[in-house]
Amino acid sequence: MSGRALLYCAGGGMGDSLVSTLVARALRSRYDVVDALTLPGHRDALERVPDLDAVLVDDGGDERALARALHERAYDACIVTWATARTAKVAQLAEIPVRVGQARRLYSFRFTERVVVRSELGDVTSHWGDIQLDYARALGCDTTDRHPRFVPTPEDHHEADKLRATLCNRATPNDRVTPNDRVTPNDRVTLSLSKGSLSKGSLSKGDYIILHPTNAIAPQRGIWPTQGWAALARALHATFGVPILLSGSHADIGINDAILRQALLRQAPLRQAQDDTSAAHADTCAAQDDTSAAQDETRTAHADTSVAHALPGVTLSLSKGGGSLPKGAIVNIAGAASIGAFGALAADALAFVGITTGSMHVAAAVGAPTVGIFPFQSDFPERWAPAGARTAIVRATYPCHPGDTKERCSDYACIANLDVPRIVAATRNLVHGA
């Protein structure tokens, strides 16, 4: 091996960039050094990928200045996995001798090796990672390991440990938050679905499930349904008896708060199981009956949504002050963890369950049992499935309106009507190895 190669993956979502690092792994079979050039928002994620030596940033600024910086690094080859007029031009201006990119584009002449993307030819079953590897194969490089890697740093694990400890800073059920209470960042809160007293201790590794209910579209449209996710949170709690952590970005705090309230107050009707023997559905119904007292106790907390927004990450309390987190809680941790700390949390989770998004790919990359939910008929589950040792996908079952996409849907009825029993069953199979 000799030489230096550049993976230019500056486009799409974080999941796109993470999956594209399989190309870097393939390039290592031929090149000593493999760097990545990515978007600013993807840098933190890619810096935790061991297949990369360095991560550079394309901030959308002056093309020639960026090209000069790349030229000084003397790359022998560059693979552009997210081809645009800009990325093709920058690679050419940098005078990188071998430039691999997408064929059949007006700017494709700037590449020395042009690859036809299989998905353009009607391929809807190949995984995106395998499609991306076609670029590396153009240089005689490949890998048999098709699972992206994400390795949290010691600092990430420390941040995750601190968050877990914070979630265990609980009070007795008698110390209620009322609409007149002023909640400070020192007050940590939870909505509990379980009865009984709180005990000293900490949120143990492997003793929680991460539920990720949003994608990038959700907070933008303002019409994202929450009842399906509330029903799923309740069902996961009823089945596994562990805390459910609702993850997301800072923009998702409001959506997660609504899910959290509905999950406690039983405002989310459970979708009837097609199979009457579904254990998940039966367990969820039992949980609803067992928690009527908890519902009554939280009417006051439900009245004040400002409490939720005072604490991004741990919101809307039954209690505040000291104590510990009981099993059987749902907690909103949206915006509370960096991408590295999220990876550390996911690595120690009993399971990750969530809609297809970058967080799903990170969870799979750290080795968490990962259930990817693909609710839209326009989704391509085989293409975007989480790639890891223990993963599963749940396909769309709700009949979307003709021509609907996640960007243009008028009501997101498929989200409101998530197939809870199937999702719980997929999670159970991963966790228990059935």
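Points worth noting:
- When residues of the stretch 101-116 are limited to those that are in contact with a strand residue (DSSP E or B) (Cβ under 6 Å, 6 or more places away or on another chain) and hydrophobic (A, V, I, L, M, F, W, C), the one nearest to Gln132 (Cα to Cα): Ala103
- Put simply, of Asp404, Asp379 the only residue that is of a type in the set (Asp, Glu) and either over 19 Å from the mean Cα position of the chain (by Cα) or at pLDDT 95 or above (or both) is Asp404.
- In the stretch 105-130, the residues that are touching a helix residue (DSSP H, G or I) at 6+ places or on another chain (Cβ under 7 Å) and over 26 Å from His147 (Cα atoms): Tyr107, Arg110, Phe111
- Some residue of the stretch 364-374 being free of Cβ contacts under 8 Å to residues at least 40 places away in the same chain and either basic (Lys, Arg) or not assigned by TED's automatic domain parsing to the domain that holds Ile223 (or both): no
- Odd one out for Leu139, checked against (1) assigned to a loop (DSSP other than H, G, I, E, B); (2) touching a helix residue (DSSP H, G or I) at 6+ places or on another chain (Cβ under 6 Å): (2)
- Long-range neighbours under 7 Å by Cβ, at least six apart or interchain, first residue on the phi > 0 side of the Ramachandran plot within the stretch 245-267, second assigned to a helix (DSSP H, G or I) and surrounded by 22 or more Cβ atoms within 10 Å (Cβ to Cβ): Gly248/Asn256
- For the stretch 219-250, filtered to residues that are touching a Lys or Arg at 6+ places or on another chain (Cβ under 9 Å) and of a type in the set (A, V, I, L, M), the residue that is farthest from Arg164 (Cα to Cα) is Ala231.
- Selection status of Asp58, closer than 27 Å to Met360 by Cα, in the same structural domain as Tyr8 (by TED's automatic domain parsing), of a type in the set (D, E, K, R) and buried (at least 17 other Cβ atoms within 10 Å of the Cβ): yes
Residue-wise test of (1) more than 14 Å from Cys9 (Cβ to Cβ); (2) of a type in the set (Asp, Glu); (3) touching a Leu at 6+ places or on another chain (Cβ under 7 Å); (4) without any contact (Cβ under 8 Å) to a residue 40 or more places away in the chain.
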site	(1), (2), (3), (4)
Arg25	no, no, no, no
Ser29	yes, no, no, no
Val33	yes, no, no, yes
Leu39	no, no, no, yes
Leu46	no, no, yes, yes
Val55	no, no, yes, yes
Ala69	yes, no, no, yes
Ala74	yes, no, no, no
Ala91	no, no, no, no
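- Only one of the listed residues (Asp123, Asp142) is over 25 Å from Asp53 (Cα atoms) and of a type in the set (D, E, K, R). That residue is Asp123.
The values are calculated or read from the model by the stated rules, or taken from the named source; none is laboratory data. None of these values were measured; they are calculated from a predicted model. Using ideal geometry, Cβ is built from the backbone for each residue, glycine included, and neighbour counts are taken over all protein chains shown.
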